[in-house]
Amino acid sequence: MILKVKNLSNIGGVVKAPPSKSYTHRAIIIASLADGNSILHDPLISEDTISSIDACRLFGAEIDLSSDNSYLKIKGIEKIENHSKGPIDLKNSGTTLRIMTSVAGLAQNETIFTGDDSLKSRPMQMLLDGIKPLGGNTISILKNGKPPIAIKPGFVGGKSFINGNVSSQFISSILIAGAISEKGIELEVKGDFISKSYVAMTLDVMEKFGIKLETDLFTKHPDCDLVEKKCSSTSFFIKPQKYIATDYVIEGDYSSASYLLGAIAILGGEIKVKNLFKDSKQGDKLILAILEDMGAEITVTDDSVTLKSEGNLKGVNIDLHNAPDLLPTVSVLGAMAKGKTTITGVHHARFKETDRIDKCAEELTKLKCEVEEKEDGLIIQGGVSSGTVNSHDDHRIAMAFSLIGLKHEIAIENGNVFSVSFPNFIESMAEIGVELDLFN
Ligand SMILES: O=C(O)C1=C[C@@H](OP(=O)(O)O)[C@@H](O)[C@H](O)C1
Ligand SMILES: C=C(OP(=O)(O)O)C(=O)O
């Protein structure tokens, strides 16, 4: 389907950020592993989080969604067992795949995880190697280090290490399963530690569900700023424990909010986005500093962000090692800005739904934007023209490129994929005066 901007009217206003995808995945999986009944308030119900719900149900969790999608009731699994009759299709969700791989190792029987073509291209070998010393007995069925993955029982925990330069989801996976494994976990993260804020989110949810963290990478190092990669300690120690069911409220999503804030930054005007928390651990909070550097005025309260913009953005230099999902948004903002935008530190964006560095460069080039592709980022000279682009079935590319349509006539092929992370994208954009059209 084609996604296009149809009409603009009454630009700006007040809108609520959708719930965080990353927090929703974690809360669903951890509540499913907890003793007792949890209630998750304001969960994100999107294609990706439905993959987590479906997988947890297959492992024995009882999960009920309220009729208005406002809460999930989860009765934790008593005996972890895979009840699926065949391979479990996780569709497009990398987070579900990575986290559930270690969890499946705790089960009493074998599991096979597979997914769509994009998921079958996501690297897994580092995780498979990382869980081997923990009793994790897994193979990549096609022997290419990618799904489909077969996981046999035997994850008992213990000591292991993993490189931190490909995906933090491997680390989140080992920590979540490791905390309730027989021996607990001692995990060393070697080398560059990208996307660290996502591990902070993992530890955050684990603590809310009762886990005592002996070594907390972040609180034991008060000088360690999550947004910078300065923290030197990279070892986690977690004794074997149990998750305790709880009531939990999911906060708003800064990655999804980047499209709403970005739209008004480009057009000019004022927008207040509610449900974005000042003390959030989300690395994508960095979008606020980026938009400020580009010329917008940002005001934050404890639970909202207000942006004012004249609509004349200027280029920015930014390292996205801790906020890889902002790459499509910042690429598009750079293309719409005056001057040069340099994005660095985000080699791991090549291992997402698509190779996002390559695909953003390819699609911007179609719009006559001057782009230089680097191994770990992009250099973009502001300036685009009308044309047709393709999302390559990548939800973030579809949503980010729709912002170009605010000022130029563009059509996005395969533009209907936003339901992976932001099912109400069209409705939320309409609330701020941007009418989008989706047609065949
Ligand atoms: O754990 C998570 O919820 C996520 C971690 C990040 O991946 P990497 O750690 O692979 O960069 C991010 O890109 C992804 O959208 C969600
Ligand atoms: C990379 C993403 O998600 P996942 O890894 O869960 O597929 C994303 O949402 O941009």
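The values are calculated or read from the model by the stated rules, or taken from the named source; none is laboratory data. Owing to the predicted nature of the structure, the values given are computational and were not obtained by experimental measurement. Positions of Cβ are generated from backbone atoms using ideal geometry, with glycine treated the same way; all protein chains shown enter the neighbour counts. Calculation scope for accessible area: heavy atoms of the full protein, side chains included, ligands and nucleic acids excluded. Shrake-Rupley method; radii C 1.70, N 1.55, O 1.52, S 1.80 Å.
Quick notes on this structure:
- Filter result for Gly210 (surrounded by fewer than 24 Cβ atoms within 10 Å (Cβ to Cβ) and away from ligand 1 (no atom under 12 Å from the Cβ)): yes
- Selected residue [over 20 Å from the mean Cα position of the chain (by Cα), of a type outside the set (Phe, Trp, Tyr), in the same structural domain as Glu47 (by TED's automatic domain parsing) and over 27 Å from Asp376 (Cα atoms)] from Gly130, Gly145, Gly135: Gly135
- Region 315-344 residues that are in the same structural domain as Ala263 (by TED's automatic domain parsing) and away from ligand 2 (no atom under 16 Å from the Cβ), paired with ones that are among the aromatic types (Phe, Trp, Tyr) and open to solvent by 10 Å² or more (accessible area, probe 1.4 Å) (beta carbon under 7 Å, 6 or more apart): none
- Residue within region 426-440 that is open to solvent by less than 10 Å² (accessible area, probe 1.4 Å), of a type in the set (Val, Ile, Thr) and within 27 Å of Ser195 (Cα to Cα) present: no
- Considering residues of region 106-163 that are among the charged types (D, E, K, R) and in a strand (DSSP E or B) only, the residue farthest from Pro240 (Cα to Cα): Lys152
Here's the yes/no breakdown for (1) open to solvent by 30 Å² or more (accessible area, probe 1.4 Å); (2) within 13 Å of ligand 1 (Cβ to nearest atom); (3) of a type in the set (Val, Ile, Thr); (4) over 23 Å from Met206 (Cα atoms):
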residue	(1), (2), (3), (4)
Thr96	no, yes, yes, no
Met100	no, yes, no, no
Glu110	yes, no, no, yes
Thr114	no, no, yes, yes
Leu127	no, yes, no, no
Ile131	no, no, yes, no
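- Residue check, Ile99 at pLDDT 95 or above, closer than 25 Å to Met126 by Cβ and not aromatic (Phe, Trp, Tyr): yes
- Residue within region 24-33 that is within 16 Å of ligand 1 (Cβ to nearest atom), open to solvent by less than 20 Å² (accessible area, probe 1.4 Å) and in a strand (DSSP E or B) present: no
- Flag if Ile264 is under 21 Å from the mean Cα position of the chain (by Cα), surrounded by 24 or more Cβ atoms within 10 Å (Cβ to Cβ) and closer than 26 Å to Cys369 by Cα: no
- For the residues Val389, Val371, the requirement of being more than 16 Å from ligand 1 (Cβ to nearest atom), open to solvent by less than 10 Å² (accessible area, probe 1.4 Å) and within 29 Å of Pro123 (Cα to Cα) singles out Val389.
- Matching residues, region 167-190, being polar (S, T, N, Q) and either away from ligand 1 (no atom under 14 Å from the Cβ) or outside the structural domain of Leu213 (by TED's automatic domain parsing) (or both): Ser181
- The set of residues from region 58-94 being within 19 Å of Leu33 (Cα to Cα), of a type outside the set (S, T, N, Q) and assigned to a loop (DSSP other than H, G, I, E, B) comprises Phe59, Gly60, Ala61, Gly76, Ile77, Glu78, Lys79, Ile80, Glu81, His83, Leu90.
- Hits in region 249-296 - residues which are charged (D, E, K, R) and in contact (Cβ under 8 Å) with a residue 12 or more places away in the chain: Glu251, Asp253, Glu270, Lys272, Lys274, Lys278, Asp279, Lys281, Asp284, Lys285, Asp293
- Remark: pairs (first residue in region 94-113, under 12 Å from Thr138 (Cα atoms); second residue within 11 Å of ligand 2 (Cβ to nearest atom) and modelled with pLDDT of 95 or more; Cβ separation under 6 Å; 6+ apart in sequence or on different chains) = Phe113/Leu90; Phe113/Leu97.
- The listed residue being without any contact (Cβ under 8 Å) to a residue 60 or more places away in the chain and open to solvent by less than 50 Å² (accessible area, probe 1.4 Å), out of Ile63, Ile39: Ile63
- Qualifying positions in region 148-188 - crowded, with 24+ Cβ neighbours inside 10 Å, more than 19 Å from Ser235 (Cβ to Cβ) and either among the basic types (Lys, Arg) or under 22 Å from the mean Cα position of the chain (by Cα) (or both): Ile149
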